[in-house]
Amino acid sequence: MAQIRKTRGQILAALDGAPGDRATALERVGAEYGEAFNAIDEATRAGVIMTQEREELYDAVVGMLDTAATERGLDVTTERQALIDGVDATRDW
């Protein structure tokens, strides 16, 4: 839960930043999110993140971005892909 709160805060900060910097910032957020859940998955030794959990983790991070963007009236099509790319670049699950 702490990681979710942290990620949400980072997403809000990225959206409040300069429009030209949002995609880069969100790609970093996605990478950190992926790494955090890598650590959780590795710590269990059994690999608790399977297909359903993986989909739920993606839904959660994209949902946080979409909700924050809607609240701010922003179109984040490009930024959404950057966030996903960041997760994909680092995740082992």
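Just a few scattered comments:
- For beta carbons closer than 8 Å, sequence separation of 6+ or different chains, a first residue in the stretch 59-77 that is over 24 Å from I49 (Cα atoms) and modelled with pLDDT of 95 or more and a second that is of a type in the set (A, V, I, L, M, F, W, C) and open to solvent by 30 Å² or more (accessible area, probe 1.4 Å), the qualifying pairs are A68/L12.
- Qualifying residues in the stretch 4-22 (those that are open to solvent by less than 40 Å² (accessible area, probe 1.4 Å) and under 16 Å from the mean Cα position of the chain (by Cα)) - the one farthest from R72 (Cα to Cα): T7
- Taken together, the residues in the stretch 45-75 that are among the β-branched types (V, I, T), more than 17 Å from A31 (Cβ to Cβ) and not in a helix (DSSP H, G or I) amount to 1.
- For D85, the stated conditions do not hold, so it cannot be described as at pLDDT 95 or above, open to solvent by 80 Å² or more (accessible area, probe 1.4 Å) and closer than 20 Å to R8 by Cβ.
- Hits in the stretch 26-41 - residues which are of a type in the set (A, V, I, L, M) and either open to solvent by 20 Å² or more (accessible area, probe 1.4 Å) or within 11 Å of R91 (Cβ to Cβ) (or both): A31, A36, A39, I40
- Single match in A39, A25 (criterion: among the small types (G, A, S), closer than 25 Å to T78 by Cβ and either touching a Ser or Thr at 6+ places or on another chain (Cβ under 7 Å) or assigned to a helix (DSSP H, G or I) (or both)): A25
- Selection within the stretch 42-58: residues that are farther than 17 Å from D85 by Cβ and open to solvent by less than 60 Å² (accessible area, probe 1.4 Å). The member of this set that is modelled with the highest pLDDT is I49.
- Of the criteria (1) over 20 Å from Q81 (Cα atoms); (2) modelled with pLDDT of 90 or more; (3) of a type outside the set (A, V, I, L, M), which one P19 fails: (1)
The values are calculated or read from the model by the stated rules, or taken from the named source; none is laboratory data. All of these numbers come straight from a predicted model, not from anything done at the bench. We place every Cβ from the backbone using ideal geometry, glycine too, and count neighbours over all the protein chains shown. Surface areas here come from the heavy atoms of the whole protein model, side chains and all, with no ligands, DNA or RNA. Shrake-Rupley method; radii C 1.70, N 1.55, O 1.52, S 1.80 Å.
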